[in-house]
1. If I go through the stretch 215-262 residue by residue, how many of them are part of a strand (DSSP E or B) and under 20 Å from D149 (Cβ atoms)?
2. In the stretch 217-233, which residues are out of contact with any Ser or Thr (no Cβ under 7 Å at 6 or more places or on another chain) and not small (G, A, S)?
3. Are there any pairs with C-beta distances below 7 angstrom linking a residue in the stretch 119-131 that is under 19 Å from V176 (Cα atoms) to a residue that is of a type in the set (V, I, T) and surrounded by 14 or more Cβ atoms within 10 Å (Cβ to Cβ), with the two at least 6 apart or on different chains, and if so which?
4. For the stretch 110-211, which fully contained helices (runs of 4 or more DSSP H) count at least 2 residues that are within 16 Å of the ligand (Cβ to nearest atom)?
5. Sort out which residues of the stretch 128-168 are in contact with a Gly (Cβ under 9 Å, 6 or more places away or on another chain) and among the aliphatic types (A, V, I, L, M), and write them in order of number.
6. Can you tell me how many residues in the stretch 16-71 are of a type in the set (A, V, I, L, M), under 26 Å from A258 (Cβ atoms) and loosely packed, with under 14 Cβ neighbours inside 10 Å?
7. Among the numbered criteria (1) touching a helix residue (DSSP H, G or I) at 6+ places or on another chain (Cβ under 8 Å); (2) of a type outside the set (D, E); (3) surrounded by fewer than 21 Cβ atoms within 10 Å (Cβ to Cβ), which single criterion is violated by L205?
Amino acid sequence: MRLRQRQSPLRWETVSGYDALSERAAERVLGAIIHQPRLVLGLPTGRTPEGMYAHLVQHCVGQERCFDGVKTFNLDEYVGLKPDHPGSYARYMQQRLFDHVGLFEGDIFIPDGLAEDVLADEPDLPMHQALERECERYERAIADAGGLDLTVLGLGRNGHIAFNEPGSPFDSRTRVVRLDDETRRANAQYFGNGDVPEWAITMGLATILASKSIVLLASGASKAEAVARLRHGPVAESFPASLLHLHDDVTVLVDREAARLL
Ligand code: PGA
């Protein structure tokens, strides 16, 4: 589907480099928490947000319940990994944020790529159905929390946001998806043997677009083409991030390298 390009309300912020980007992103999150202590936060994984998490953790040193009252929903998770698997996003988040900021376990939500709770209730359910149920549960949990207030996103070189690969429908919700080979190659560093899972659960594009506010992060020259495509390209499902042009509160936070083709 290709939609008519309209006057885009995206706000662009360009900072000098990765550390400035990370600091600015952390400031946005902390500012949102101060403004709204019961914030519902959508959170990304990958290389780009690592610096943001480091700044958040640094800010929270010595503050017992820094994220008190905040609920977090991760954007995605691989199918088939236990939460303690080194490549899982549950583990990534534990190490980089959750162990350090005093979040209650019950306020942390990550899609379960093993659908363990679903299968505990219905042990005979085939795996693909259990995963579908898990996706429905995840959507319900977001709705029960009152919807996402602020969602931070990374940008894939192919334009993906979360694991919504090119061609993902703009009206998609949380679902099981097959990952592009390019995405699996890009994430191989988190898997010692390079064996990146083929399937994942991801929030859908409509789930993300329903967030009241969105910050998209892109750093480094490898993202420059995707950033230029976001800035100048049409709104089209072939480039999922272009969907953000349809939202009225999106900040695109890039560093100079990522902005060099603008
Ligand atoms: P990266 O991934 O931060 O590891 O570059 C971004 C993404 O794929 O969303």
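We did not get these values from a lab; they are worked out from the coordinates using the rules stated. Because the structure is a prediction, the values reported are computed rather than measured. Note that each Cβ is placed from the backbone with ideal geometry, even for glycine, and that neighbours are counted across all protein chains shown.
1. Initially, the stretch 215-262 is screened for residues part of a strand (DSSP E or B), giving 215-218, 235-236, 250-255.
Restricting the remaining residues to those that are under 20 Å from D149 (Cβ atoms) gives 215-217, 250-253.
Looking only at that region, the number is 7.
2. Answer for the stretch 217-233, where residues must be out of contact with any Ser or Thr (no Cβ under 7 Å at 6 or more places or on another chain) and not small (G, A, S): K223, E225, V227, R229, R231, H232.
3. If the second residue must be of a type in the set (V, I, T) and surrounded by 14 or more Cβ atoms within 10 Å (Cβ to Cβ), the pairs left are L125/V118; A130/V118; L131/V79; L131/V176; L131/I201.
4. Working: elements: 116-121, 127-144, 181-186, 205-209.
Answer list for the stretch 110-211: 181-186, 205-209.
5. Those that are in contact with a Gly (Cβ under 9 Å, 6 or more places away or on another chain) and among the aliphatic types (A, V, I, L, M): L131, I142, L148, L150, V152, L153, I161, A162.
6. Residues in the stretch 16-71 being of a type in the set (A, V, I, L, M), under 26 Å from A258 (Cβ atoms) and loosely packed, with under 14 Cβ neighbours inside 10 Å: 0 in total.
7. The single condition L205 does not satisfy is (3).
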